[in-house]
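The values are calculated or read from the model by the stated rules, or taken from the named source; none is laboratory data. Nothing here was measured: the structure is a model prediction, and the numbers come from that model. Because the Cβ atoms are built from the backbone with ideal geometry, glycine has one as well, and the counts that use them run over all protein chains shown. Remember, those area values only see protein heavy atoms, side chains included, never the ligands or the DNA or RNA. Shrake-Rupley method; radii C 1.70, N 1.55, O 1.52, S 1.80 Å.
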Amino acid sequence: MTPILLIEQVLNGLQSGIMLFLMAAGLTLIFGVMGLINLAHGSLYMIGAFAAAAVAGWTGSFTLALAAALAAAALAGCIIEMVVIRRLYDRDHLDQVLATFALILIFSEGTRWLFGSFPLYLDVPAALSGPVRLPGGILYPSYRLLIIVIGLLIAIGLFQLIARTRIGIQIRAGESDREMIGALGVDISRLYTIVFALGAALAGLAGALVGAIQSVQVGMGEPVLILAFVVIVIGGIGSIKGALVGALLVGLTDTLGGVLLPLFFGLFMDPSSATTIGSALASMSIYILMALVLLFRPTGLYGRA
Amino acid sequence: MRRETILNAVLYLAMPVAAALAFAMDEPFLITLITRAAIFALAAVGLNLALGLGGLVSLGHAAFFGIGGYAMGILAHHAQTYSPMIDSWIVIEGTKSMPVIWLVAIVTSALTALAIGALSLRTSGVYFIMITLAFGQMFYYFAISWPAYGGEDGLSIYVRNSFPGLNTLDPMQFFVLVFVILSAVLWWMGRLARAPFGLALSAARQNAERVETVGLGPFRLRLVAFVISGAVTGLAGALFADLNRFVSPTMFSWQMSGEFIVFIVLGGVGRLFGPVAGAMLFVLLEYLLSPLSEFWLIYVGAILLVVVLFARGGLIGSLAGREVAHD
């Protein structure tokens, strides 16, 4: 394997990791502040992708499509928070799992009803469809590079939001003692709606950005949701830093495992069984990573005990 | 008699009565449908030991269901192609005998549950939910990417496996077999809940620290419950694969795990017959709603949402009141 190919795969791993971060950050914020496990986060990802595909189909503008994804997912987030999620904060995790599972059924089948079962396609804007030449002569798709940059900018923005702004202070205070900040005059139910909508918008944006690389279809959100859970388990619940580190670890392990493990087994096996065993193991690699983290740090890399 | 006892008796008799009616009307499809409900009930009864009694919300029980299914698929596949399963210093042949398949399904899913449980019970609460979900998904992807047993397409079995003295291809005889197993497991679960083990497990759910103070280890109690729970769901998986004569990675899918939890909650958490009521209700809804609309799962979602938000205690809870049978 050439170094250029390896660097390409590392970039692909970064790209999928940074998209996972957008999902995991919302989930971990929602859990940290409200103590809620939200299975329907994958549906918000899907809503973002479908909104983007629909708007891109009408207007032809990718920028408008991204704006639509953000708006649609944030709006859907606001609505489900006010109608359903709000009633679940005081419930146990079982009720939260069940109610958000019900939301998945409703959103998935509702989307199938509106858009049909066939996948939609969201095209990468023409200006970004070609490759870009990186230092060292590596040709890399410019759209994927843009995704990495956007994701990193959002990560920085999110850290700043939480560390520096008034709403960030309220979020951190809400994580440590929700009754106290209520007593100090912060409107908790408004804060919760904002946090939920923020997480939803991040998920919707990730859905739209990834939707342009893969196809946009019903059920696209749940595999990403489960990967985001793995990220959160590895990084530690409630920690944005943990979500970033975990997401990059999972993205890199998943991408590099798929390429390197078959090559590794090829060193001492015939090619066909090396491919079989290598790709089967690669499909399990992130879960093995999760199991290892659990053995040594049951609360995750940055989790509080 | 308490209202729940009467309700349990009605629920218990509903399946054989419905099957007998279907048999009298010569509707083999309905018998198969009722058998499906009984197998789903068995899977959820297994999960209910961990979830209801132990308070362990496992969102990965499809792993055991699928392992049971593949135990049947792999053994029967080797038997029907006359190829030995392992052919090196020892030779292991496939089999078409149900009791052997069940034993293999129970043992393999129990061992898997031991490994998954030992790792995920190091954590609790929401971590536990996410981790069991992730491990379940690991088996799903593994089954898809492993080509030897059909990969994504799954495995088909030409003839249903055999049970001594029965013609399992006859829907009624297969239903009776499934129903006897379900009854035996229900009886055992009822005893287990009242036995010292069940009481200690229930106490560990309510207050783990106190249980530890009196010298019982919550971790061990939960692990044993998780292993038994996985084994029962694995057995249900073997029966489900035999019912369809087909096994595929969808048995491992996370939706399957979600549906098991739905059965329990629809019926009533922590009630012995809750999973039975829930599975029957779900299969009935599927039967009634799916001809009405292609998108019938929307209605299931809406019903589920209403049950979780407003009708806590599920079907049994709303019919028999709040008293809990075996806490």
message: For the condition in a loop (DSSP other than H, G, I, E, B) and either touching a residue at least 24 places away in the same chain (Cβ under 8 Å) or within 19 Å of B:A238 (Cα to Cα) (or both), what is the one hit in B:G73, B:G55?
response: B:G55
message: If I filter the stretch A:108-132 down to residues being open to solvent by less than 50 Å² (accessible area, probe 1.4 Å) and within 14 Å of chain B (Cβ to nearest Cβ), which single residue comes out as farthest from A:E222 (Cα to Cα)?
response: A:G116
message: Restricting to the stretch A:55-90, name every residue that is within 13 Å of another protein chain (Cβ to nearest Cβ), assigned to a helix (DSSP H, G or I) and closer than 25 Å to B:Y127 by Cα.
response: A:I80, A:I85, A:R86, A:R87, A:L88
message: Can you go through B:G94, B:G165, B:G69, B:G150 and tell me which one is over 30 Å from A:T299 (Cα atoms) and open to solvent by 60 Å² or more (accessible area, probe 1.4 Å)?
response: B:G165
task: Quickly run through the stretch B:99-123 and pick out the residues that are within 14 Å of chain A (Cβ to nearest Cβ) and of a type in the set (G, A, S).
output: B:A115, B:G117, B:A118, B:S120
query: Just one of the numbered conditions (1) modelled with pLDDT of 90 or more; (2) more than 9 Å from every other protein chain (Cβ to nearest Cβ) is not true of B:N161; which one?
result: (1)
task: Examine the stretch B:226-244 for a residue that is at pLDDT below 95, open to solvent by less than 50 Å² (accessible area, probe 1.4 Å) and among the hydroxyl-bearing types (S, T, Y), and state whether such a residue exists.
output: no
statement: Being within 13 Å of chain B (Cβ to nearest Cβ) and in contact (Cβ under 8 Å) with a residue 12 or more places away in the chain narrows A:G238, A:G266 down to just A:G238
Residue list for the stretch A:129-150, restricted to those being farther than 16 Å from A:N12 by Cβ and without any contact (Cβ under 8 Å) to a residue 12 or more places away in the chain: A:R133, A:P135
- request: Report whether or not A:F296 is of a type in the set (F, W, Y), without any contact (Cβ under 8 Å) to a residue 40 or more places away in the chain, more than 21 Å from A:T2 (Cα to Cα) and more than 8 Å from chain B (Cβ to nearest Cβ).
  value: yes
field: Within the stretch B:289-326, considering residues that are under 28 Å from B:M189 (Cα atoms) and facing chain A (nearest Cβ under 9 Å), the one modelled with the lowest pLDDT
entry: B:R312
- line: B:R36 meets each of (1) open to solvent by less than 10 Å² (accessible area, probe 1.4 Å); (2) at pLDDT 90 or above with one exception, condition (1)
- line: If we ask which residues in the stretch B:97-114 are open to solvent by less than 60 Å² (accessible area, probe 1.4 Å) and over 20 Å from B:Y149 (Cβ atoms), their number turns out to be 3
- line: Counted residues in the stretch A:277-305 being in contact with a helix residue (DSSP H, G or I) (Cβ under 6 Å, 6 or more places away or on another chain) and part of a helix (DSSP H, G or I) come to 16
task: Could you tell me whether the stretch B:257-265 includes any residue that is away from chain A (no Cβ under 14 Å) and in contact with a His (Cβ under 9 Å, 6 or more places away or on another chain)?
output: no
message: Just the residues that are under 20 Å from the mean Cα position of the chain (by Cα), at the interface with chain A (Cβ under 7 Å from one of its Cβ atoms) and not polar (S, T, N, Q), please, taken from the stretch B:124-156.
response: B:I129, B:M130, B:I131, B:L133, B:A134, B:F135, B:M138
- request: Of all residues in the stretch B:76-103, count the ones that are touching a residue at least 40 places away in the same chain (Cβ under 8 Å) and assigned to a helix (DSSP H, G or I).
  value: 7
task: Would you please name the residue that is farthest from B:G268 (Cα to Cα), looking only at residues in the stretch A:91-107 that are open to solvent by 30 Å² or more (accessible area, probe 1.4 Å) and more than 7 Å from every other protein chain (Cβ to nearest Cβ)?
output: A:F107
message: Which of the numbered conditions does A:L252 fail, given that it passes all the others? Conditions: (1) open to solvent by 40 Å² or more (accessible area, probe 1.4 Å); (2) within 12 Å of chain B (Cβ to nearest Cβ).
response: (2)
